[in-house]
Each structure stands twice: as C-alpha cells, then as structure tokens.
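S.K.: The structure's right below; bear with me while I get my questions together.
The values are calculated or read from the model by the stated rules, or taken from the named source; none is laboratory data. Here the structure is a predicted model, which means the values were calculated and not measured. Don't worry about glycine lacking a Cβ; one is built from the backbone with ideal geometry, like all the others, and counts go over all protein chains shown. Protein only, heavy atoms only, side chains kept; ligands, DNA and RNA dropped before computing areas. Shrake-Rupley method; radii C 1.70, N 1.55, O 1.52, S 1.80 Å.
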Amino acid sequence: MDGFRKIRVRMAPSPTGPLHFGTARTALFNWLFARAQGGDFVLRIEDTDIERSSPEYEKDIINGLKWFGLDWDEGPDVGGNYGPYRQSERLEIYEKYLQKLIDENKSYYCFCSKEQLELDRQAMLAQGLAPKYSGRCRNLSKEESEKRIANGEKAVIRFKTPGIEVEFIDLIRGKLKFDATLIGDIVIARNLRSPLFIFSGAVDDFEMKITHVIRGEDHISNTPKQVLIQRALGFDEVKYAHLPLILAPNRTKLSKRYLETSLNDYRKQGYLPEAMFNFLALLGWHPKDEQEIFSAEELIKEFDLKRIQKAGAIFDINKLEWLNGQYIKKIKPVDLAGKLTEFVPSEWLNNKELFIRAVAVEKERMKKLTDFKELADFFFELPDYKAELLIWPRPKEIEKINKEKTLNNLKLLLEEISKIFKADFNAANLEKAIIPLTEVWGRGELLWPLRAGLSGKEISPGPFEIMEVLGKEETLRRLKIAIEKLE
Ligand code: GLU
C-alpha cells in the first residue's frame, strides 16, 4: 500500500522494435517492486506511433518478457479492470483529455510549418539561446484556430507549458527541480486522435491508477513535462524512480550493439532465462551483502528501491557468462540435455543415452548452451585428425617419445581396456585399471595418446570420462583407428 492506494506499477514499451536489454531490465525492476510490495504489475503497449509500431514487435516483447520469467496482472493478453491495454485502442480517452486542455486554454493548435520552426530555431541559436518553440500560435483566438482546422489546415496540439520551476521527488535521486521556462510549449499530439506518448502515458498513468513510474534515466527529461500535464488535468501525483543508465565497462555509453541486442538474441546465444534474470536484477541494484546468485523468490524478498544506485550500471558480459555457467552447472544432465536440443545437429539426438552422458561430462565446461556443440562434437563423430596428434607433446626434459613407443602404448591400452567387462565400463573402473600402468610406462606417455585417440582433439575432457560416455565398443573402435594411423 502507498498511503491508501494499492501500489500499481507498469511497464510501457513501445512496440517499435524487438524487446531490448534495457527495456527488459526496466520491466524486471517494476515486477520486483510490485511483487515485493504486494502491488499490481501492468503491461501497457504504447503503440500510438502507428507508423513505427507493429504487432510482431508487440509479440516479441511479450514473449521475451515471459521467457525470462515475468508475468503481469493486467495487460493486452490477460485483460484487467483498466483496459484496454493497447494505447491504439484508447484514442477516445486521450481525445477527451486533449479537448479538455484546449477548452480550458491549457493547450492550443499550432499551425507553424516545419520550415518556419526551423527558421525560428536557427534565429534562437544565433542569439545564443537554447532553442524552444517561439510561441507564435499560443495566442491565436479559439475561433480562428477552429476555423483553420475546419478548413483542413494542418496543425499539431501544443501544451502551454507554464513558466515555473517544476519539482518532483525521484525515489532514487531525491528532489529534482527543472526550470520549465526552458522547455517551451511542447507538442503533445499530432491531432485529437493522435497523441504523442508523453501525453498518452501521462493520461494512462492516471487512468490506470499507477502509483509509481519506474523507468530508465533516459526518460528523466520527460518527467517534468508529464508532471505539468498531470497537474493541468488535475491528476494525482505519481512517484518516479529513474533507473541508472547502463554503461560499458570503461564507463562510456554502452554501444547500441549490446544495449539494443534483443533479449531473443541472448536466448539464441545460449543464455538461460534464470541467468539473464539474475544478471539484469544486479544491473543497478545491489543486495545487502555480497550474494550474487539469486532465485526470483530471493530477489523479491531482498528487493528495495533504496538500494538502486544513482551511478551508471556497468554491463559486464563476462559476468553474464559466468552467471550463466553457474546456472548451467546446477541443472541435472537430463534436463540440460532437453534445453540443448535446439542448439545441436539433429543427428546427435539419435542416441539419447550417449547425448545425456556427453552433457553430464561437458556441463562443467559450458558457459553458454551454444558452447556444447563445439565442446562435445567429438562424442558424436570422431574428427579426422593427423597421426601426430597422438604423440605426447612432452616437456623437453623428458626422454623423446616417438611413434613406435606411442604405438606400443596404444596397443597395450587396447589390450587392457578390452579386458574390462561392458557392465563395469565406467570412468572409475577404467581409471583403476589404467593408472597402475602409468607407473611403469609413464603418465603422459599413456594418457595423452589415449585421450587424443578417443577425442581426435588437442583439448578435451580426460580419457576416463570420455570412455564412459562412448562405451566400450566405440572406445575400442577409436583406439584401433589410432593404432592404424600410426602403423
Ligand atoms: N513508451 C515509452 C518507451 O518505451 C515508455 C516510457 C515510460 O515508461 O513512461 O520508452
């Protein structure tokens, strides 16, 4: 509760592109605040810019938010008491308020052409003034404006910005003051049926009984304008919280490449929704202690607007990778295998048991789901490698190990491994059988060619783990191939 009002927050994306990283973070902070306070979380689609908005982007935004675990109490897809939740379906509401402002002489039609506006702008700049609207149409009489509109003349609707100092409380930054005389009369609608988001958003925050607006710092200059519009319409005050900008590790503005990467791209790169969720929550907010891994429930319990920082939040992709790796480690192989199916060639799924065993072995090494394909390819098909790979690239001080010796060692291994029953063919038993041999024949001398022959790769998991995954038959087949390569 906020006084007598139930806490209500909203996420208000414009569907003019896919769901981006920054938008996802804003949604998450609103969600956490609502869930922590027992409030409502509303999804409102701000699609009044019909040329740039599209239903596909709306779908992408909704799917993206759901993918990483958010849900909402009201929205275009779930309904609610304050709908409709798409601004394009609420035009008569905005029209009513636009008309009210015009009738009360708090807004007016502006007929200035683009060229005229540009000339005015240049003139102000030439005088060393910060450009704003000249106010040319501010005092046109209502009769004249209406006649010109009736004659089909093009006009926009401007808000009569009062020349005062606007103050509002930002829950993160404290009291903020803006000199509204610098703002000038802003355009709030292209016509009665075509409001700009600055206006429709202010109206909807009131109509939808929103108590707190939590959004990115990039909106901070819109806030005094919206506060003035709300006051002009006699609306209740809304509380604001502006989230810090997201910065690159060198504290410069994060390049669009990262920030504007859609959440879906991260999904395709093999990030888990839980990791993404955790990572985004720490982007500008910090817990009481040093804990870094949080479930959604833990975050709801801990979340407090007071611990949102003012300074820019550093976007560290290495941290995201690390977190993702931590989450991958926690998943059971069989469940992880299920998540990996879309990231591997379909033939790999023919032998389900082999697939799950390979997942169990590679799990610890994976940072992203996409890593598996490169890490585990050799389990499914032995790469065509050169015979030299089998010879241990030993440290210089050790006596030269040559082709013959490697060949003999591989033959010895083939013999020993053949003796192990299929039922006992696991990493522990294999290790028990082979380690004693290394005491006589040398560790690197035996284990290197064994591992290289099994994987066909310079780098791979250890030989015992690989053998357990491959099973006896395939292990022996690969050892024979290695021997043939050296013969
Ligand atoms: N539609 C605006 C945007 O996507 C929302 C601004 C707000 O949260 O008030 O940037």
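S.K.: Any idea which residue in region 314-334 is nearest to LEU245 (Cα to Cα), counting only those that are among the charged types (D, E, K, R) and within 23 Å of the chain's Cα centre (by Cα)?
M.R.: Filtering region 314-334 down to residues among the charged types (D, E, K, R) leaves 316, 319, 321, 329-330, 332.
In the following step, the residues that additionally are within 23 Å of the chain's Cα centre (by Cα) were identified as 316, 319, 321, 329-330.
Details: ASP316: 14, LYS319: 18, GLU321: 21, LYS329: 31, LYS330: 31 Å.
So, considering only residues that are among the charged types (D, E, K, R) and within 23 Å of the chain's Cα centre (by Cα), the one nearest to LEU245 (Cα to Cα) is ASP316.
S.K.: For region 153-189, what are the residues that are without any contact (Cβ under 8 Å) to a residue 40 or more places away in the chain, open to solvent by 50 Å² or more (accessible area, probe 1.4 Å) and closer than 29 Å to ARG307 by Cα? Steps first, answer last, please.
M.R.: The first filter runs over region 153-189 and keeps only residues without any contact (Cβ under 8 Å) to a residue 40 or more places away in the chain, leaving 163-165, 167, 174-175, 177, 179, 181.
Right, trim to open to solvent by 50 Å² or more (accessible area, probe 1.4 Å) and you get 163-165, 167, 175, 177, 179, 181.
Hits for region 153-189 are GLU165, GLU167, LYS175, LYS177, ASP179.
S.K.: Would you point out which residue out of LEU247, LEU196, LEU254 is surrounded by 14 or more Cβ atoms within 10 Å (Cβ to Cβ), within 14 Å of the ligand (Cβ to nearest atom) and not small (Gly, Ala, Ser)? Working first, answer last.
M.R.: Working: LEU247 fails: within 14 Å of the ligand (Cβ to nearest atom); LEU254 fails: within 14 Å of the ligand (Cβ to nearest atom).
Answer to the check: LEU196.
S.K.: Check region 262-280 and report whether any residue there is of a type outside the set (D, E, K, R) and part of a strand (DSSP E or B). Lay out the reasoning, then the answer.
M.R.: The initial filter retains those residues of region 262-280 that are of a type outside the set (D, E, K, R), namely 262-264, 266, 269-273, 275-280.
With part of a strand (DSSP E or B) added as a condition, the list becomes 262.
There is at least one residue in region 262-280 that is of a type outside the set (D, E, K, R) and part of a strand (DSSP E or B).
S.K.: Name the single residue that is farthest from PHE68 (Cα to Cα) among those in region 324-342 being open to solvent by 30 Å² or more (accessible area, probe 1.4 Å) and in contact (Cβ under 8 Å) with a residue 40 or more places away in the chain. It would help to see each step written out before you state the result.
M.R.: Start the filter on region 324-342 by keeping residues that are open to solvent by 30 Å² or more (accessible area, probe 1.4 Å), which leaves 326, 329-330, 332-335, 338-339, 341-342.
Of the ones still in play, those that are also in contact (Cβ under 8 Å) with a residue 40 or more places away in the chain are 326, 339.
Values: GLN326: 17, LYS339: 14 Å.
Going through the qualifying residues, I end up with GLN326.
S.K.: Separate question: Quick one: in region 9-38, of everything that is open to solvent by 10 Å² or more (accessible area, probe 1.4 Å) and farther than 22 Å from SER262 by Cβ, which residue is nearest to the ligand (Cβ to nearest atom)?
M.R.: Among residues in region 9-38 that are open to solvent by 10 Å² or more (accessible area, probe 1.4 Å) and farther than 22 Å from SER262 by Cβ, the one nearest to the ligand (Cβ to nearest atom) is PHE33.
S.K.: Another question, if that's okay. Exactly one condition in (1) within 12 Å of the ligand (Cβ to nearest atom); (2) free of Cβ contacts under 8 Å to residues at least 60 places away in the same chain is not met by VAL203; state its number.
M.R.: Result: VAL203 fails condition (2) only.
S.K.: Taking the criterion of being of a type in the set (Phe, Trp, Tyr) and either open to solvent by 70 Å² or more (accessible area, probe 1.4 Å) or not in a helix (DSSP H, G or I) (or both), would at least one residue in region 447-455 satisfy it?
M.R.: Looking only at region 447-455, we keep the residues that are of a type in the set (Phe, Trp, Tyr), and these are 448.
Okay, now just the ones that are also either open to solvent by 70 Å² or more (accessible area, probe 1.4 Å) or not in a helix (DSSP H, G or I) (or both), so none.
No, the conditions are met nowhere in region 447-455.
S.K.: Failed condition for TRP72, given (1) in contact with a Phe, Trp or Tyr (Cβ under 7 Å, 6 or more places away or on another chain); (2) open to solvent by 50 Å² or more (accessible area, probe 1.4 Å); (3) within 16 Å of the ligand (Cβ to nearest atom), with all others met?
M.R.: (2)
S.K.: Okay, next question. Quick one: in region 39-57, of everything that is within 21 Å of the chain's Cα centre (by Cα) and buried (at least 17 other Cβ atoms within 10 Å of the Cβ), which residue is nearest to ILE188 (Cα to Cα)?
M.R.: So the residue we want is GLU46.
S.K.: Touching a helix residue (DSSP H, G or I) at 6+ places or on another chain (Cβ under 8 Å) and either of a type in the set (Phe, Trp, Tyr) or over 30 Å from ALA36 (Cα atoms) (or both): is that true of ILE157 in this structure?
M.R.: Details: touching a helix residue (DSSP H, G or I) at 6+ places or on another chain (Cβ under 8 Å): yes; either of a type in the set (Phe, Trp, Tyr) or over 30 Å from ALA36 (Cα atoms) (or both): yes.
Yes.
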